[in-house]
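Step one of this worksheet: look at the structure below.
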Amino acid sequence: MDKAMNMQQNTNGVTRGSDAFDVVIVGSGFAGLFMLHELRKRGYSTKVYEAADEIGGTWNLNRYPGARCDIESMQYSYSFSDELQQDWHWSERFARQPEILRYLNHVADKFDLNKDIQLNARVTSMVYNENQSKWTITTDHNNRVSAKYCVMATGCLSVARDPKIAGLDQFKGNVYRTTNWPKNDVSFIGRRVAVIGTGASGVQCIPMIAKQAAHLYVIQRTPNFVIPTDTKPVDAEYEKDWKSNYNQRRSQMLQSPGGIFYDYDDDALRVNMTDRERFEIAWQRGGLSFFTAFKGRLTDNTIKQTITCLIHEKIREIVRDPVLAAALLPYDHLFGTKRPCVAGEYYDTFNLKNVTLVDIRHTTIDKITAKGILIDNKLYEIDDLVLATGFDAVIGSLLNIDIQGRSKQTLREKWSIRPRTLLGIMIADFPNLFTITGPGSPINLSNMIPHIEENVKWIIKCIDYLNTHNIDSIEAKIDGQNAWMDHVDLVASQLSYSADSFAGNDSNILIKPSSCMRYAGGLHNYLNMCEKVTANGYEKFFLLKRSK
Ligand code: N01
């Protein structure tokens, strides 16, 4: 810890109101809150800047109707405090957005985090001063502070991406974005609505909007596999089982590729079952526990093909109009080659008289006019337009900030071709700048909460190490970074499912072989490699000793 800081802290407590911090954190979602908690626990003066007017990151902004997590809440939650995990009660196995946001606010209150978080403060620039080994951080209100270390907890899914459709700004009705939904209640009662996008967010809000709208047009470019949501409440037995086995299960999660504990010793899934019988059980259960029925067999193309056919059958069974059903069948990828979507009553929605599927796979939207959407010379007149078109994922939130590292090199220039990091945590030429779940880590391919917690612990250990060894700065070595990105690409290309992916909207694609932003080798392998680097005295990193 900085000596001056230390003194300041001893007399004044945490250096709130000061313009010099040990660490500045950008973002107050799951990552930013835990990072703040851990840093403060060790006495580092820390400030969090949050652009929104409330904490919660993605779970604050994505308030669209139907928003819900596809990972069980008992696992999509912090493990760092046993008291927290024993005391908190989840009402549903797969929590809805409001409950997750309540949880994050509860964590912030319980650990008294809010006092070090500045809301409504968007970081606009971060400049590294090599002589002082310090970052200068500026916000949109021209607040300027300095910090020895910066931690980017900006999230992978936080910057909305509008589709490039002509005339979007001409539309006279309301435009809503799933990625940044208004806080006030939005009513679609009696209104003509169009939703563009049938990814994870679109398929969750479509059934909800259909319940209210006078008419709903679903503009679908690429159909996805949509598994029913498991909406079961958390019952006492299930909760007790989890709470008494938390330690063991949390460590099993870290040893799994997806960071998820699956109960494979499941009595309902007998050994001699047919795949169809397994599938029926999985479909009834819903959620991502769907995968448990196939016990890791999803690396096999035959089973992917079988499940694909069975889901196609299911869609044909649910959707009464056969032409409509055919249009909803995913056609460009097999099940298991892309993260499936999870939503309640999705396919049933298309049996409603007030819902029209507009399939644009062979065409494009001509333009948006003042009154609606023009497709193939037909105008769909609407009052409200919902953009469920996804995010400028992974790097958008980092590149929105003017980040200048060693010799004023900018991150925007550095990443103009593709993002490059070492382990998704550090970037060559950007000393003392850490990224939680940065590009090159297993983003979105695993449960993000254990990934976040492990990244935070790695960063804490690193900062402690630098301080105890009188080291001024750390950054990725170029050759270490190149080797890591080559490995990321190699793993992507080795996986059978990479060939099924396509380069479109990156945020809903797991593997993008040409410039893969995600490490696809599993959370367990990733964490082992992170651990190895630390154990070997930060090999692949350049450490600069403090001059006396
Ligand atoms: O975004 P997306 P999302 N014209 O990018 C379409 C997480 N998440 O917000 O596929 C017409 O997946 C686009 O079509 P296409 C999860 O990690 C999790 O839904 O490019 N259509 C696609 O249908 C997910 O991966 C949960 O052909 C256009 C859609 O818009 C990530 O968030 C819930 C278009 C975008 O889908 C992002 O999901 C929600 C155009 N010009 C989100 N441009 C859970 O945990 C784009 N599209 C359950």
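The values are calculated or read from the model by the stated rules, or taken from the named source; none is laboratory data. Predicted model only: the values in this text are computed from it and were never measured. FYI the Cβ positions are ideal-geometry reconstructions off the backbone, even for glycines, and counts take in every protein chain you see. With ligands, DNA and RNA removed, areas are computed over all heavy atoms of the protein, side chains included. Shrake-Rupley method; radii C 1.70, N 1.55, O 1.52, S 1.80 Å.
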| message | Tell me the Kirkwood radius of segment 112-240: reciprocal of the mean inverse pair distance over distinct alpha-carbon atoms, in Å. | response | 19.6
| message | Quick check: Cα centre of segment 469-484 to Cα centre of segment 408-426, how many Å? | response | 13
| For helix 448-468, what angle does its Cα long axis make with the longest principal axis of the chain, in degrees from 0 to 90 and rounded to 10? | 10
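Using a 1.4 angstrom probe on heavy atoms only, work out the carbon and sulfur share of the accessible area of segment 192-389 in %.
Summing carbon and sulfur atoms, their accessible area is 50 percent of the total for segment 192-389.
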| query | Using alpha carbons only, how many degrees (0 to 90, rounded to 10) separate the axis of helix 301-318 from the longest principal axis of the chain? | reply | 50
| Taking the inverse of the average 1/r across all pairs of different Cα atoms in segment 192-389, what Kirkwood radius in Å do you get? | 18.7
| note | Correct semi-axes for the chain, from √(5λ) of the alpha-carbon gyration tensor and rounded to whole Å with the largest first, are 40, 27, 23
| Using only helices, what value at 222 nm comes out for the chain when you add -39,500 (n - 2.57) per DSSP H run of length 4 or more and divide by the total residues, to the nearest 500 deg cm²/dmol? | -9500 deg cm²/dmol
| task | Give me the accessible area per residue for the chain, probe 1.4 Å, as a whole number in Å². | result | 42
| request: Give me the percent of DSSP beta bridges within the chain that run antiparallel, rounded to the nearest 5. | output: 40
| Short version: ³J(HN,Hα) in whole Hz for each residue of segment 273-282, in order, from phi by Karplus 6.51 cos²θ - 1.76 cosθ + 1.60 (θ = phi - 60°), x for Gly and Pro, what are they? | 7, 6, 5, 5, 5, 4, 4, 4, 5, 4
| request: Filter the trypsin sites (Lys or Arg not before Pro) in segment 101-169 down to the DSSP loop ones having no more than 15 other Cβ atoms within 10 Å, then list what survives. | output: Arg122, Lys164
| What is the packing order of peptides 249-261, 445-457, 41-53, 271-283, taking the mean over residues of other C-beta atoms within 10 Å and listing the highest first? | 445-457, 41-53, 249-261, 271-283
| message | Please list, in order along segment 83-99, the HN-Hα scalar couplings obtained from phi with the Karplus expression 6.51 cos²θ - 1.76 cosθ + 1.60 (θ = phi - 60°), rounded to whole Hz, x for Gly and Pro. | response | 4, 4, 6, 7, 7, 6, 10, 8, 7, 10, 4, 10, 5, 7, 3, x, 6
